[in-house]
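Remarks on the structure that follows.
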Amino acid sequence: MSPIVAVNYDRLERENIMTKQTKILDKEYNQPWIVRLVTKGEKYGRQWCLTHDDDEPMIEFYMTDKGGRRVTRKTGGFVSRYYLETLQERRQEMTGLCLYGGGIYDKSINIGGDALEKALAKLTKATA
């Protein structure tokens with residue numbers, strides 16, 4: 001199981017850690033998400049202890065509650081991270097993505113193709 005991590009989104013927004021993000025409701029799985037673009041020089045990782053030093057941007061996926069404001073306690077919010085280029089290479093065949101495979105005690109965590117496409121379109125527009 002994923003550890004519980006307390007994330008204070010108000011603090012992160014004040015400190016400009018999560019500035020390039022979008023909130024999206026995945027209707028296929030009835031799950032709201034925060035999808036974040038991480039560019040060179042930005043903080044990421046557990047308790048924001050890492051700095052992204054690669055030119056290639058990354059995309060992070062955070063689960064939220066049904067109001068889209070708070071992370072779930074099950075995962076601490078963060079689910080997965082991919083390089084943007086990896087997701088863009090598969091864009092033509094995008095039918096969704098399994099972000100966490102689950103296991104004996106957990107369900108898998110997925111994002112549907114429509115929600116993923118909308119999030120990537122908004123975030124890549126922000127980088128243009």
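Extension gain, residue 105-residue 29: 0.36 nm per intervening residue step, less the Cα-Cα distance, totals 25.5 nm.
Within the straight-line cut-off of under 21 Å between alpha carbons, the lysines reachable from residue 27 are 66, 74, 107, 118, 122, sequence neighbours fewer than 8 places apart in one chain being disregarded.
Coordinate-derived values only; no laboratory data. All of these numbers come straight from a predicted model, not from anything done at the bench.
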